[in-house]
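This report concerns only the one structure given below.
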Amino acid sequence: TSAQIGVTGLAVMGRNLARNFARNGYSVAVHNRTAAKTRALVEEFGDEGTFVAAESAEEFVAALERPRRLVIMVKAGDPTDAVIREFAPLLEPGDMIIDGGNAHFADTRRREKELREQGIHFVGTGVSGGEEGALLGPSIMPGGSVESYATLGPMLEKISAKAADGTPCVTHCGPDGAGHFVKMVHNGIEYADMQLIAEAYHLLREVAGYSPAEIADIFRTWNQGRLDSYLIEITAEVLSHVDAATGKPFVDVVQDQAEQKGTGRWTVQIALDLGVPVSGIAEAVFARSLSGHTELREASRGLAGPSVTPLGDAEKAAFADKVEQALYASKIVSYTQGFHEIQAGSEEYDWNIDLGSVAAIWRGGCIIRAAFLDRIRAAYDARADLPSLLADKSFAEEIAAAQDDWRAVLVAATQQGVPTPGFSAALAYYDALRAERLPAALTQGQRDFFGAHTYRRTDREGSFHTLWGGDRSEVPA
Ligand code: NDP
């Protein structure tokens, strides 16, 4: 039998992706470094479709129909290079290597360039949705050549998640590393979304005094409205879960130290390189880091804070409504920042990424899937060169309606000493962008004072320097 596609790397993701292809009628060659996993897959799930089990790299490659389509689903980083080194010599011009791991887009660019010289299409592909998504339909973000997408695209569309309107959650993001870049920012936005939800929970708990079960109900209500999303839905599930061993709310028995695998950090690192302010995403990454610094937290526990007066019953519900407004407005800002980063990456690397399509393929399958993404797509449909999501009229109107409550929530948070790095960063970004004048003028003055770095004037062209150490006259630079 010749297989239409092959998957190597059969841990949770690869195994489920292979099954997804098979369940959709494709014959799938399967391979794993440790062959026991290959055999286990075929034994357990062989009746789901046509699998061709391959023990060796040679067998695997020989099992694939040409041009070959070979999906790599191994641990990102060196293992991916090792697998490429193993398979590339066995391939022929026109064949495709699809890397579905969480690769750094810079690695993808390097690999694509190297393999292109050999005539092999390297398709760096972001896959979101975790284990379940891989099996039932992930959101898929392929990069690579247009030629590769011509034959690969229809297969990916078949196995992908479908949005509510039936559209497959996959689009050709752009050449070389575009797909992995989009996936990276997706994960950064995911960090921000999670942080904002966590802050909303914290406020409802500490300021309003609601119990986790009550907060779960509040989130369930929010999930009926404009915040309708997978993350809000699972938040309610987690908050209403009771620990079997202690009878306490699950959220009270879990250590409050958030871990991370790195894609959120990459989003911020690259944003720094590109000069894109993604303050909300950065705060989300930092919040996880901070939570893990146990010694630092231990040493700071006695520091003074305000004396807290919990809200009365009458005020609680009104406060919860305000938190919803703050969460929604902050979420708009997170997405604004994330899409700005994609736009900047697209310009830097000539990817020509269609931002509306990116919003569209995140509507299903992935962790940040949400009704909200339809709105973002509509904003870019209305104006493809939208400079910022905040420039979209309907988002601007929603923030206008939310901003008083957003500010009131931050006042309460500050007064009660509840940290809200995500909400606060989002509001600062919003206020900075809309400001008529920023104190950056003063920064320029300081830079010119100590380093003769020069400045530009509001009323004349050119660069200038003030003779700060002399008679303070101005000279053209
Ligand atoms: P892991 O990241 O845990 O990787 C395990 C797989 O990699 C195994 O098949 C293992 O083979 C193989 N492997 C490791 N080192 C090598 C090597 N040097 N040579 C050959 N094979 C090697 O698996 P996951 O399924 O969790 O993830 C796969 C990829 O998908 C990763 O890049 C991950 O970042 C990405 N991803 C994961 C998501 C998730 O929710 N888990 C979501 C989206 C993407 P062996 O069995 O022989 O050890």
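Quick note: the coordinates plus some simple rules give every number you see, no bench work behind them. In this text the structure is predicted, and so the values were computed from the model without any measurement. Cβ atoms come from the backbone with ideal geometry, glycine included; neighbour counts cover every protein chain shown.
Summary of values
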quantity	calculated
The range 20-163, Rg to Rh (Cα coordinates; Rh as Kirkwood inverse mean 1/r)	0.93
Highest to lowest packing among 114-126, 210-222, 461-473, scored as the average C-beta count within 10 Å	114-126, 210-222, 461-473
Simple label model, 7 Å out from Cα along Cβ direction - residue 450 to residue 254, nm	4.4 nm
Net dipole in debye of the chain [+1 Lys, Arg Cβ; -1 Asp, Glu Cβ; about Cα centre; nearest 20]	260 debye
Rounded to 10°, Cα long-axis angle of helix 279-292 versus longest principal axis of the chain	80 degrees
Between the range 295-349 and the range 375-432, the Cα center-to-center distance that results, in Å	11 Å
Compactness of the range 244-327 - radius of gyration and Dmax, Cα, Å	17.8, 49
Degrees, to the nearest 10: 372-382 long Cα axis against longest axis of the chain	90 degrees
Segments 274-282, 62-70 sorted - mean Cβ within 10 Å per residue, highest first	274-282, 62-70
Label-point gap, in nm, between residue 233 and residue 78 - each point 7 angstrom along Cα→Cβ	4.0 nm
Long-range amide H partners of residue 3 with built H, under 5 Å	64, 65
Unit charges at the beta carbon, dipole of the range 230-387: most positive-side option, 249, 271, 334	249
Stretch gain in nm, segment residue 211-residue 110, where the contour uses 0.36 nm per residue and the Cα spacing is subtracted	31.3 nm
Convex hull volume per residue in cubic angstrom - Cα atoms of the chain	201 Å³
Note, ³J(HN,Hα) from phi for the range 349-363, Karplus 6.51, -1.76, 1.60, rounded to Hz, x at Gly and Pro	10, 6, 8, 6, 6, 8, 5, x, 5, 4, 4, 5, 7, 8, 6
Residues residue 383 and residue 461, FRET efficiency given R0 of 25 Å [Cβ-Cβ distance, rounded to 0.05]	0.25
11 Å beta-carbon shell around residue 294, net charge (K/R +1, D/E -1)	-1
222 nm mean residue ellipticity, helices alone, for the chain (DSSP H n ≥ 4; -39,500 (n - 2.57); rounded to 500)	-17500 deg cm²/dmol
Unit charges at the beta carbon, dipole of the chain: most positive-side option, 356, 240, 218	356
Fully extended contour minus Cα-Cα distance, from residue 2 to residue 44, at 0.36 nm per residue	13.0 nm
Per-peptide average of other Cβ atoms within 10 Å, ordering 419-426, 288-295 highest first	419-426, 288-295
For the range 33-139: relative contact order, % (alpha-carbon pairs under 8 angstrom, 6 or more apart)	20 percent
27 Å Cα-Cα threshold exceeded, pairs from 248/331; 37/113; 261/316; 37/261; 37/158; 261/393	248/331; 37/113; 261/316; 261/393
Between helix 263-274 and the chain: long-axis angle, C-alpha atoms, 0 to 90°, nearest 10	60 degrees
Cα convex hull of the range 293-443, projected area averaged across orientations, nm²	13.5 nm²
